[in-house]
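Note sheet for the following structure.
What follows is calculated from the coordinates using simple rules that are stated; it is not laboratory data. Bear in mind the structure is a predicted one, so any value in this text is a computation, not a measurement. Every residue, glycine among them, receives a Cβ derived from its backbone with ideal geometry; neighbour counts consider all protein chains shown.
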Amino acid sequence: MTLKELKNFQVPGFLAGGMACGLKKQGIKDLSLIVSEVPATAAGVFTQNQMVSPTVPISRKALKSSRTVRAIIANSGNANAFTGAQGMKDCEAVVAATAKALDISAKEVLTASTGVISVPLAVKKIEAGIPKLVNQLLPKGWTQAAEGIMTTDLVSKTCAVQYGDIIVGGISKGSGMIQPNMATMLAFLASNIRIDKRTLQRALKEAVDPTFNCITVDGETSTNDMVLLLANGQADNPPVKAGSKAYKDFVTALTHVCKVLAFKIVEDGEGATKFVTFKVNGARTKNQAEQIGKRLANSLLVKTALFGEDPNWGRIIAAVGSAGVPIKPNKLEVALNGTTLVKNGEHVKGVSASSLQKKMKSKEIDIAIGLHLGKASAETYTCDLSYDYVRINAEYTT
């Protein structure tokens, strides 16, 4: 199977768009809508934070109770989280307004919000904007939809691929509060494939685990976030069965799109200057490899050293040792962009300091950890921690 990357894409049977409804200043887009022209099967994964926006339980309930979904409505500029009973009413009002404008059932509408926590939602502005947005929807409106969900993002994030008659595309947002184990960002995906709801959910989980669940910017888990996937069957392919070649091809395409969108989130991490990959090899189990990778990716000392382009491998081995995973120090191996720094638990002599400093200036840093305890491995993706990250988050509401 060959995947073809699509630019300025469209997914057959879907319309998308984004506009400014007044939640943000200066006419910046803050409202997005994705609509399937026919009933679509749907799947979703959600944040594990216990303090959630009403958008999370409402969308979860819709996925569980409705056989099909027709729309995703999302706003930025306000998380509508920790806003009490009124927040729930406001969220329900947004869903109802979307359903009315599209002449569909409210049970067929999924919803999401992102922005500042504990600020009442200006729901009247959204209700006024929805009919206007419906009239602006386009088959190629995905870029506008991606712009409508941005918060501290510097760039919009889109990706789509095609194989045969099947297209898989989507958008995402996120640059801070990104932590593995779903979801801590927003991502909306769509395909024209014909697939049942249960199999679609399974495919989404398979695609999310090695992508969105393997990224972290700052170790924080947000209150709102989710990945939603709609499939409307417009490709008219034979129904996809779990485990079949058609299923594996779809998961491959879906995983590719999720990985590209996940990487774009890390690359756009608040104040980020480097994209960092931690590769943990030779672990006893995959879970242990993941645990070490996440410990490294969330270490403030490691991340600040990467920003400072300081090849301080001592911070790396200290983080490995504090990950809560049994290791054998005398077997540890550490390599940075292909240069081995630690072997058999000892510092490798003769490594050129100037060569190492040059490697540290790279925009992409690969750090490989060899445990030599088993055959399991895992990759975790993150960015460095810069002065700008502190500035952005210190001034977030002011």
Among Gly17, Gly233, Gly243, the residue with the largest mean-square fluctuation in a Gaussian network model of the chain built from Cα contacts under 10 Å is Gly243
Partner lysines whose C-alpha sits under 26 Å from that of Lys328, ignoring same-chain residues fewer than 8 away, are Lys279, Lys286, Lys294, Lys303, Lys343, Lys349, Lys375
With x for Gly and Pro, the residue-by-residue ³J(HN,Hα) of the range 223-229, computed from phi through the Karplus equation 6.51 cos²θ - 1.76 cosθ + 1.60 at θ = phi - 60° and given in whole Hz, is 9, 10, 8, 7, 10, 10, 9
Here, chymotrypsin sites (Phe, Trp or Tyr not before Pro) of the range 1-105 satisfying both criteria (DSSP loop; at most 15 other Cβ within 10 Å) are Phe82
DSSP beta bridges in the chain: the antiparallel percent, rounded to 5, is 70
For the range 106-117, Karplus-derived ³J(HN,Hα) couplings (6.51, -1.76, 1.60; θ = phi - 60°; whole Hz; x for glycine and proline) come out as 4, 5, 9, 10, 9, 9, 8, 9, 7, x, 6, 7
The farthest towards the positive end of the charge dipole of the range 4-267, of the residues Ser65, Met150, Asn224, given +1 on Cβ of Lys and Arg and -1 on Cβ of Asp and Glu, is Ser65
Calculated from DSSP helices alone, with each H run of at least 4 adding -39500 (n - 2.57) and the total divided by the residues of the chain, [θ]222 nm to the nearest 500 comes to -10000 deg cm²/dmol
Kirkwood radius from Cα pairs of the chain plugged into Stokes-Einstein at 4 °C, 1.567 mPa s, gives D in µm²/s equal to 59
Sparse-neighbourhood loop hits (trypsin sites (Lys or Arg not before Pro), the range 1-61; DSSP loop; Cβ within 10 Å at most 11 others) -> Lys7, Lys25
Here the net charge surrounding Phe46, from other residues whose Cβ is less than 10 Å away from its Cβ (Lys, Arg +1; Asp, Glu -1), is 0
Here, Ala93 and Lys358, labelled 7 Å along Cα→Cβ, have an inter-label distance in nm of 6.2
With DSSP loop assignment and no more than 12 other C-beta atoms within 10 Å, the trypsin sites (Lys or Arg not before Pro) in the range 197-275 are Lys241
Cβ-Cβ cut-off under 15 Å around Val109, Lys and Arg +1, Asp and Glu -1: the net charge is +1
A correct Kirkwood calculation over the Cα atoms of the range 223-302 returns a hydrodynamic radius in Å of 16.2
Answer in debye to the nearest 20: the dipole magnitude of the chain about its Cα centre, from +1 Lys/Arg and -1 Asp/Glu charges placed on Cβ, is 720
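For Met360, Met19, what ranking results if the residue with the fewest other Cβ atoms within 10 Å of its Cβ goes first?
Starting with the residue having the fewest Cβ neighbours, the order is Met360, Met19.
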